[in-house]
Amino acid sequence: MKKFFSSLFLLPLALFAQEAAPSPQNSMIQTLIMIGLALVFFYFILWRPEQKRRKAAEAMRGAMKKGDRVTAMGIVGTIDQIKEHTVVLKMVEGAKIEMLKAAITEVQVSTEIA
C-alpha cells in the first residue's frame, strides 16, 4: 500500500520529466517577441499620447501674448509682461505676480484690440 501511494505521487513528476524541454533558441525568440510587443504597447498607449499633449501645451504657451487671461495652478490673471521663462500676471486690484510659463495650464485669448 505504501508503494502505491509513493508511486501515485511520483507519477506526475515522471510524466513532466518526460516532456521535451523547449530548445534555448525557441525560448530566446519568444522572449524577444514578448519584449518587442511590450515596447510597442508602451509606445502607443503611454509615450505617444503624452508627446502629443506636451506639444499642444507648448504651442499654447508659445502663442501667449499680453492681455490674454491665463490659469496657472488655480490662479487666474491677465498677462502683463512676458519674459524668457516667466510671465508677469496682473491680478485683482493691480497686484502682480510672476509665474513660470511651464505652470500655465490654460490660456484664454483676449478679444480686445490693443
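Miscellaneous remarks
- Within segment 53-87, restricting attention to residues that are more than 16 Å from Thr105 (Cβ to Cβ) and not aliphatic (A, V, I, L, M), the residue that is surrounded by the fewest Cβ atoms within 10 Å (Cβ to Cβ) is Glu84.
- Contact annotation: residue pairs with Cβ atoms under 8 Å, 6 or more positions apart or on different chains, pairing a residue in segment 67-83 that is outside any strand (DSSP E or B) with a partner that is hydroxyl-bearing (Ser, Thr, Tyr) and modelled with pLDDT under 90, are Gly67/Ser110; Asp68/Ser110.
- Exclusive hit being part of a helix (DSSP H, G or I), modelled with pLDDT of 95 or more and either surrounded by 11 or more Cβ atoms within 10 Å (Cβ to Cβ) or not basic (Lys, Arg) (or both), set Ile35, Ile45: Ile35
The values are calculated or read from the model by the stated rules, or taken from the named source; none is laboratory data. All values derive from a computational prediction rather than experimental measurement. Cβ coordinates were reconstructed from backbone atoms using ideal geometry, including for glycine residues, and neighbour counts include every protein chain displayed.
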